[in-house]
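Only one structure is covered here, and it is reproduced in the block below.
The values are calculated or read from the model by the stated rules, or taken from the named source; none is laboratory data. Keep in mind that what you see is a predicted model, and the values were worked out from it rather than measured. Glycine gets a Cβ as well: all are built from the backbone with ideal geometry, and neighbour counts include every protein chain shown.
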Amino acid sequence: MSRLGQHMNELSLFAAIVLLYIIFGLTADGFLSFYNQTNILRDAATIGIAAWAATLIIIAGEIDVSTGPMVAFISVVLAYLIQWGVPTVGAFVLAIVIGGLLGSIAGALRAYFDVPSFVATLGLWSALRGLSLYFTDALPVSIGRNDIVDMLDRPIFGLPPAAIIMMVLFAVFWFVSKRTAFGRSVFAVGGNAQAAFLSGINVRRIRVTIFVLAGMMAAISGMLLLARLGSGNATAASGLEFDVIAAVVVGGTALSGGRGSMLGTLLGVLVITLIGNGLILLGINAFIQEVVRGIIIVAAVLANIYAIKRGAAKKG
Amino acid sequence: MKHPIPKDRPVIARLEGCTKQYPGVLALDSADFELREGQVRALLGKNGAGKSTLIRLLTGAEEPDTGIVTIDDTPLSASGAQRAAEAYSHGVRVVYQELSLVPDMSVAENLFLGRWPGRGGMIDMQALHEEARHALDSLGLDIDPQQPVSILSPAERQLVEIARVLPGKPRMVILDEPTSSLADAEARKVLAAVDRISAAGIAVVYVSHRMNEIRQIADSVTVMRDGRIIETVDVEGADTQEIVRLMLGASGKEHDAVVPAQPGPEILRVDALSVQPKIADVGFSLRAGEVLGIAGLLGSGRTEILEAIMGVRPSSGGTVSVDGKPVSGRSFRKMKDLGFGFTPESRKDAGIVPLLGVDENTVVTDWSSVTRSGVLQAGLIAEATRRVIERLHVKTARTDSAISTLSGGNQQKVVIGRWVHAGSRVLLLDEPTRGVDVEAKAQIYQIVRELAAEGKAVLFVSSEIEELPLVCDRVLVLREGRIAEEMTAPDIHQDAIFAACLASDAA
């Protein structure tokens with residue numbers, strides 16, 4: 001594939017984003033306002049932070065459907081920790097550790113017990129949602145005034161902190177995926193696990209690590225959720241995992257593993273967020289929004305597959 | 001051993017003057033072939049001798065460029081997909097080498113896969129089981145048709161595969177190395193089934209290189225070489241040396257024999273290694289600067305030895321010592337750390353990562369040498385890759401070209417090269433020239449010799465016996481799970497290796 005061909009996917013996504021801006025800019029009142037743009041960024045962060053880790057997971061040929069309940073669970077745990085008087089920074093650190101440990105359960109089930117990751121994370125999905133509902137009786141767990149938590153929702157130079165954290169983490173994941181032995185090993189495992197193993201790559205460790213990372217990212221999303229709502233919430237982030245997977249897949253990462261890019265996922269996150277935001281501003285029926293989103297996701301992936309096939313045909 | 005079949009039995013299949021040309025290869029050169037009812041004909045020849053092409057003409061999978069294929073007194077006339085259907089309707093059946101059963105369906109369902117008895121989409125289970133029982137009985141098999149294929153042994157699966165060709169009216173059954181993946185004891189069950197088939201008057205074409213099997217079940221042998229049928233002889237009275245000579249041809253001229261290297265210190269020592277069920281009590285030693293070949297038929301356990309050494313496959317006994325010290329609890333990474341590198345038999349399934357570049361496929365064995373403070377250095381990766389590319393003569397446009405765009409031979413060089421990058425001192429190469437063109441083969445031989453000259457120890461497994469004399473300082477011949485013979489350069493000759501591989505009663 002030519003240099004340009006490799007970035008065909010990113011280019012067409014970029015064009016799609018420009019198109020969405022033009023359409024919504026012309027039709028939806030207030031779409032282009034500064035306030036709405038920061039809203040878009042904040043919404044993007046909710047999907048994006050989890051999507052960076054999910055990109056590595058999907059490149060490795062795995063899947064994670066536990067994102068939503070994991071984020072909600074961590075927000076509940078954090079709220080309790082703060083209620084109990086654990087210093088806020090300590091609670092944050094603890095939350096990330098807990099997220100990593102929860103992720104490691106799914107990772108270990110996959111790597112050491114050969115449980116398909118879909119099943120392992122489906123189990124987590126159900127168990128974590130249930131646990132948080134049980135602890136909270138489905139009621140929000142309020143934390144009252146907390147300067148550090150509040151700071152996470154106060155704009156810095158007009159930008160929501162969530163967006164800044166998202167971009168910083170994007171840079172980290174972009175770097176890890178391109179420039180570290182771990183990141184490249186993820187590609188090798190997803191591209192041909194047998195060959196990776198026979199080259200001496202610790203395939204199991206890679207598999208556990210990507211799920212640990214996903215748990216840690218869910219924890220960070222949980223913190224931001226807590227900051228945004230002012231409470232831990234067992235029912236929040238419902239369906240987030242599907243937005244995350246959709247963003248990664250729309251971004252051109254192959255569900256079969258071995259192929260994908262962080263930049264693609266970033267653009268995919270923007271596409272998903274823009275569509276959601278624009279449809280709301282247009283005042284379209286909430287149920288119909290879901291239908292439109294579904295169609296657009298499938299259409300985007302279909303276009304991508306077609307582009308790849310055409311590229312391959314031209315080469316042959 | 002069978003006696004020759006009388007010449008008055010009706011002819012089932014006949015090829016007359018059949019020629020088949022593929023781009024760049026004359027696969028079959030005016031071949032004449034005749035098979036009579038109840039005959040069991042063994043088909044012998046090296047890789048590329050034309051056996052598969054002959055079979056494909058018989059089954060109608062291919063049309064000859066010139067010549068006539070007659071099945072059951074009817075010349076095949078259709079072309080394309082219809083031709084195979086035509087041959088099938090005249091009773092031609094093939095048992096394929098790679099198993100084509102659905103593991104989680106029952107034996108009965110597999111026997112009639114897609115042709116289940118019944119009507120209107122409903123399967124008549126009773127009829128299905130009765131017919132399955134009948135097919136299994138006719139081979140004398142004691143297999144419950146209702147159990148799933150997944151719980152059967154490899155031999156039983158092969159037998160189900162054979163039973164599958166019996167429904168309908170088969171006149172000729174072609175078996176392509178049906179016992180190659182089986183241990184000797186298991187292979188006997190398959191041979192018994194073949195006996196029953198031929199006793200029912202069905203003609204059998206049996207591709208195998210196991211001479212003692214051929215002596216047991218075949219009445220005649222057709223030997224092929226370079227796309228030509230060299231001779232068809234009765235098994236009765238045929239001698240193994242003579243058959244080997246027919247297979248190799250008079251051209252037995254060999255290239256410059258390897259000049260035995262000055263052997264360095266012993267690096268690897270294998271004692272009494274056994275791997276159930278194929279390998280029993282194998283021992284050898286490997287020195288620095290030495291290329292040790294392992295020869296043996298398909299399924300003789302060559303791969304198993306390499307995998308057991310590397311800790312990829314559990315061994316059931318024996319010790320592996322490196323630098324004189326036994327290695328306990330072998331794992332792939334442990335062996336890698338001891339300086340071992342392994343290239344697998346299947347380049348596509350287990351060798352390359354197709355979506356990554358040549359560069360990453362090379363440095364994947366050792367990221368640390370191209371990493372500074374945890375960060376991969378593009379410059380170092382390119383440099384390391386270039387070193388490997390130059391040393392192994394890999395033809396690639398760029399160091400970061402996708403490896404899937406390279407030819408098979410160049411891909412293989414990269415797979416070997418990744419261990420050069422890792423600085424391995426022992427290389428275990430499993431079929432490194434499989435699916436590689438002639439020029440690349442010669443280059444790989446040269447690379448292996450160069451690596452040995454630098455002091456690396458190489459274990460070279462190959463099913464292409466003619467290449468062993470070109471590469472190896474020593475050759476071990478594996479037969480029936482043991483080392484049957486050992487040869488040392490310059491006294492390594494392919495006819496001797498062939499004979500040792502084929503027969504337990506050679507010479």
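Are there any helices (runs of 4 or more DSSP H) wholly within region B:59-160 with 2 or more residues that are charged (D, E, K, R), and if so which?
Counting at least 2 such residues, we get B:81-89, B:125-138.
Quick test of your reading of the structure: A:GLY158 fulfils all but one of (1) away from every other protein chain (no Cβ under 14 Å); (2) crowded, with 24+ Cβ neighbours inside 10 Å. Name the failing condition by number.
Condition (2) is where A:GLY158 drops out.
Which numbered condition in (1) exposed (fewer than 15 other Cβ atoms within 10 Å of the Cβ); (2) within 11 Å of another protein chain (Cβ to nearest Cβ); (3) farther than 17 Å from B:LEU428 by Cα is the only one that B:ASN361 fails?
That leaves (1) as the condition not met.
Take region B:91-112 and flag every residue that is in contact with a Ser or Thr (Cβ under 9 Å, 6 or more places away or on another chain), within 30 Å of B:PRO75 (Cβ to Cβ) and surrounded by fewer than 19 Cβ atoms within 10 Å (Cβ to Cβ).
Of everything in region B:91-112, just one residue is in contact with a Ser or Thr (Cβ under 9 Å, 6 or more places away or on another chain), within 30 Å of B:PRO75 (Cβ to Cβ) and surrounded by fewer than 19 Cβ atoms within 10 Å (Cβ to Cβ), namely B:GLN97.
Of the residues that make up region B:366-375, is at least one more than 10 Å from chain A (Cβ to nearest Cβ) and touching a residue at least 12 places away in the same chain (Cβ under 8 Å)?
Within region B:366-375, one or more residues are more than 10 Å from chain A (Cβ to nearest Cβ) and touching a residue at least 12 places away in the same chain (Cβ under 8 Å).
What pairs come up if the first residue lies in region B:149-178 and is on the phi > 0 side of the Ramachandran plot, the second is buried (at least 19 other Cβ atoms within 10 Å of the Cβ), and their beta carbons are under 7 Å apart, counting only those six or more places apart or on different chains?
B:GLU177/B:VAL207; B:GLU177/B:SER208
Applying the selection to region A:255-307, what residues are of a type in the set (Ser, Thr, Tyr) and more than 14 Å from chain B (Cβ to nearest Cβ)?
Matches in region A:255-307: A:THR265, A:THR273, A:TYR306.
Take the conditions touching a residue at least 12 places away in the same chain (Cβ under 8 Å) and in the same structural domain as B:LEU54 (by TED's automatic domain parsing) and apply them to B:LEU191. Does it pass?
Yes; evaluated as a whole, the condition is true for this residue.
Looking at A:GLY252, A:GLY239, can you tell me which residue is at pLDDT below 95 and within 14 Å of another protein chain (Cβ to nearest Cβ)?
A:GLY252
How many residues, within region B:377-389, are within 12 Å of chain A (Cβ to nearest Cβ) and crowded, with 21+ Cβ neighbours inside 10 Å?
Qualifying residue count for the region: 1.
Filter region B:269-326 down to the residues that are away from chain A (no Cβ under 14 Å) and polar (S, T, N, Q) and list them by number.
Within region B:269-326, B:SER274, B:GLN276, B:SER285, B:SER300, B:SER315, B:SER316, B:THR319, B:SER321 meet the criteria.
In region B:432-444, which residues are surrounded by fewer than 21 Cβ atoms within 10 Å (Cβ to Cβ) and either touching an Asp or Glu at 6+ places or on another chain (Cβ under 8 Å) or under 30 Å from B:LYS334 (Cβ atoms) (or both)?
B:ARG434, B:LYS441
Testing B:GLU454 on (1) modelled with pLDDT under 95; (2) buried (at least 22 other Cβ atoms within 10 Å of the Cβ), one condition comes back false. Which one is that?
Condition not satisfied by B:GLU454: (2).
From the list B:SER106, B:SER153, B:SER100, which one is touching a Pro at 6+ places or on another chain (Cβ under 8 Å) and hydroxyl-bearing (Ser, Thr, Tyr)?
B:SER106
How many of the residues in region B:253-274 are closer than 21 Å to B:LYS336 by Cα and either modelled with pLDDT of 90 or more or of a type in the set (Asp, Glu) (or both)?
So the answer is 8.
Tell me, please, whether a residue that is at pLDDT 90 or above and over 18 Å from B:LEU15 (Cβ atoms) can be found in region B:176-190.
There is no residue in region B:176-190 that is at pLDDT 90 or above and over 18 Å from B:LEU15 (Cβ atoms).
With the structure loaded, tell me whether B:VAL394 is away from chain A (no Cβ under 13 Å), modelled with pLDDT under 95 and either crowded, with 22+ Cβ neighbours inside 10 Å or in a strand (DSSP E or B) (or both) or whether it fails that test.
It is true that B:VAL394 is away from chain A (no Cβ under 13 Å), modelled with pLDDT under 95 and either crowded, with 22+ Cβ neighbours inside 10 Å or in a strand (DSSP E or B) (or both).
Counting residues that are under 30 Å from A:LEU81 (Cβ atoms) and more than 9 Å from every other protein chain (Cβ to nearest Cβ), which helices (runs of 4 or more DSSP H) fully inside region A:173-232 reach at least 3?
Where helices (runs of 4 or more DSSP H) fall fully within region A:173-232 and carry at least 3 residues being under 30 Å from A:LEU81 (Cβ atoms) and more than 9 Å from every other protein chain (Cβ to nearest Cβ), they are A:203-229.
Answer yes or no: is there a residue in region A:45-65 that is closer than 20 Å to A:VAL271 by Cβ and aromatic (Phe, Trp, Tyr).
The answer is yes; a qualifying residue exists.
Looking at (1) in a helix (DSSP H, G or I); (2) crowded, with 19+ Cβ neighbours inside 10 Å; (3) within 14 Å of another protein chain (Cβ to nearest Cβ); (4) modelled with pLDDT under 95, which one does B:GLY409 not meet, given that it meets all the others?
B:GLY409 satisfies all of (1) in a helix (DSSP H, G or I); (2) crowded, with 19+ Cβ neighbours inside 10 Å; (3) within 14 Å of another protein chain (Cβ to nearest Cβ); (4) modelled with pLDDT under 95 except (3).
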